[in-house]
Amino acid sequence: MKSKLRLLYKLFLIILLFGYGLIIAGGIFPAMNLLFSAKNAKSNRDALKIHWLKIFCAIVNLSVTQEGELPEKRTLIVSNHVSWLDIIVIGQYLPAYFVAKSDILNWPIIGYLSRQGGTIFIRRSDKKNIKATTERMAWALKQNSNIIAFPEGTTTRGNEILGFHASLFQPALLTKSAIQPVALKYKGLAKEHAPFVGDDDFVPHLIKMLTLDKIEVSLYFLPVINTLGKNRHSVSNETRNMIWRKISECSPADTSELECLKLSSK
């Protein structure tokens, strides 16, 4: 009974949070654009987005162990991708634009909030759209903004890293922006339940996350990549390898010896 009441309470808070998000996106953001200079409006929008994400973290009881130095402005942050929760995990730490699949536009409420929050959407099968995405990313970097991207293009269960789409690195090379790898590792019960893969739908998965007492995740901000004299393919491979080495590190509290051997042999 207590667990059901706790779930209902969390659902109520999530509904309130989404309502708050709609007010921010549909009312406060447009008002800021009218009342403030472009620079101040962006700064205030960024602060509100981080505030909203931190509330989300509190509701789902997201417990993040963060290591490494946060990026400076004008950085392409590149991460492995396990769940929609990744956006909340990373986004609460710094202002940034996310690069996401256009499928998210069809998600209830989240699609609208993402669009109003400045998310850069990509349709990988559309070459014209990929070119437009590259231009939008380059423009954002030129404005000294951070961009967070998941170059695998889809999610995994967290025990592997798929090939990276090298085209996502081109805007950083063109604008001479920093590239910083980020590694995510879900732990405890979240290691099994957090992955958002296959035919999973957002709302049922959200409810599953709300049933957990705590969502544990380790977040590693890895050293910035040296891009001098490198192309997008070499930078993509180097970034992927750095992230893979980090997530394949084994901890006795996190995985069994057998699983550790399987990871290290890949």
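The values are calculated or read from the model by the stated rules, or taken from the named source; none is laboratory data. Bear in mind that the values here come from a model prediction, so they are computed numbers and not experimental data. Positions of Cβ are generated from backbone atoms using ideal geometry, with glycine treated the same way; all protein chains shown enter the neighbour counts. Protein only, heavy atoms only, side chains kept; ligands, DNA and RNA dropped before computing areas. Shrake-Rupley method; radii C 1.70, N 1.55, O 1.52, S 1.80 Å.
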Please determine whether any residue of segment 234-250 is of a type in the set (Ser, Thr, Tyr), at pLDDT below 95 and touching a strand residue (DSSP E or B) at 6+ places or on another chain (Cβ under 8 Å). no
Which one is most open to solvent (accessible area, probe 1.4 Å), of the residues in segment 91-133 that are assigned to a loop (DSSP other than H, G, I, E, B) and free of Cβ contacts under 8 Å to residues at least 12 places away in the same chain? Ser125
How do the pairs read when you match residues in segment 148-167 that are acidic (Asp, Glu) with residues anywhere that are assigned to a loop (DSSP other than H, G, I, E, B) and buried (at least 17 other Cβ atoms within 10 Å of the Cβ), using Cβ under 6 Å and keeping only pairs 6 or more apart or on different chains? Glu152/His81
Here are some conditions: (1) open to solvent by 30 Å² or more (accessible area, probe 1.4 Å); (2) among the polar types (S, T, N, Q); (3) closer than 29 Å to Gly26 by Cβ. Asn146 meets all but one. Which one does it not meet? (1)
Looking across segment 185-197 at residues that are of a type outside the set (Phe, Trp, Tyr) and under 18 Å from the mean Cα position of the chain (by Cα), the single one that is modelled with the lowest pLDDT is Val197
Take Ser63 and tell me if it is closer than 23 Å to Leu189 by Cβ, of a type in the set (S, T, N, Q) and not in a loop (DSSP other than H, G, I, E, B). yes
Here's a check for you: in segment 79-90, which residue that is hydrophobic (A, V, I, L, M, F, W, C) and touching a residue at least 60 places away in the same chain (Cβ under 8 Å) is surrounded by the fewest Cβ atoms within 10 Å (Cβ to Cβ)? Trp84
Filtering segment 1-15 for residues that are open to solvent by 90 Å² or more (accessible area, probe 1.4 Å) and out of contact with any helix residue (DSSP H, G or I) (no Cβ under 9 Å at 6 or more places or on another chain) leaves a count of 8
Every listed condition ((1) open to solvent by 30 Å² or more (accessible area, probe 1.4 Å); (2) farther than 26 Å from Cys57 by Cβ; (3) of a type outside the set (Asp, Glu); (4) under 18 Å from the mean Cα position of the chain (by Cα)) holds for Ala172 save (1)
Outside any loop (DSSP other than H, G, I, E, B) and surrounded by 12 or more Cβ atoms within 10 Å (Cβ to Cβ), is that true of Leu76? yes
Only one residue in Phe36, Phe29 is more than 27 Å from Lys187 (Cβ to Cβ) and open to solvent by 70 Å² or more (accessible area, probe 1.4 Å). Which one? Phe36
Given (1) buried (at least 19 other Cβ atoms within 10 Å of the Cβ); (2) within 25 Å of Phe196 (Cβ to Cβ); (3) of a type outside the set (Phe, Trp, Tyr), identify the lone condition not met by Arg45. (2)
